[in-house]
Amino acid sequence: MNNSGQIRQMDKVGRVAVPVSVRKTLGLVPGDNLEFSISGDKVLLQRYTKTCLLCGTDHDVSPYRTETIRGVREIYLCRSCRNNLAKAEEMRDY
């Protein structure tokens, strides 16, 4: 992991500005979605990419709506997993 040595203060509502040098290095532009992860005592920040919930690929991924207890939420599935899911649902109906 590359340590840039730059320190930023969090404001009262929890916002932290991403340094210009980090944005340039990663090619981040306004409007990009960022994903926060926790690893031990570290917070990892990376560009969010839509990946298949089942296999993790980012190739040929599209939204898939599913019902939850709290309503409808959008998840993403690749074409292969979507086809496999459809086949499994067909088999269940027999």
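Taking the 0 to 90 degree range and rounding to the nearest ten, how far is the long axis of helix 79-92 tilted relative to the main principal axis of the chain, both from C-alpha atoms? So the helix axis and the longest Cα principal axis differ by about 40 degrees. Here the extension length gained between I75 and E89 equals 3.3 nm, from 0.36 nm per residue of separation less the Cα-Cα distance.
Global dimensions of the stretch 1-48 from alpha-carbon coordinates: Rg and Dmax equal 11.3, 29 Å. Give me log10 I(q)/I(0) at q = 0.12, 0.13, 0.14, 0.25 Å⁻¹ for the chain, Debye formula, one equal scatterer per alpha-carbon, no solvent. Evaluating at q = 0.12, 0.13, 0.14, 0.25 Å⁻¹ gives log10 I(q)/I(0) of -0.61, -0.69, -0.76, -1.34. The charge dipole of the chain, taken about its Cα centre with unit charges on the Cβ of Lys, Arg, Asp and Glu (plus for the first two, minus for the last two), comes to roughly 360 debye.
Bear in mind these aren't lab numbers, they're just calculated from the coordinates by the rules spelled out. Being a predicted model, the structure only gives us computed values, none of them experimental. Note: ideal-geometry Cβ built from the backbone for every residue, glycine included; neighbour counts use all protein chains shown.
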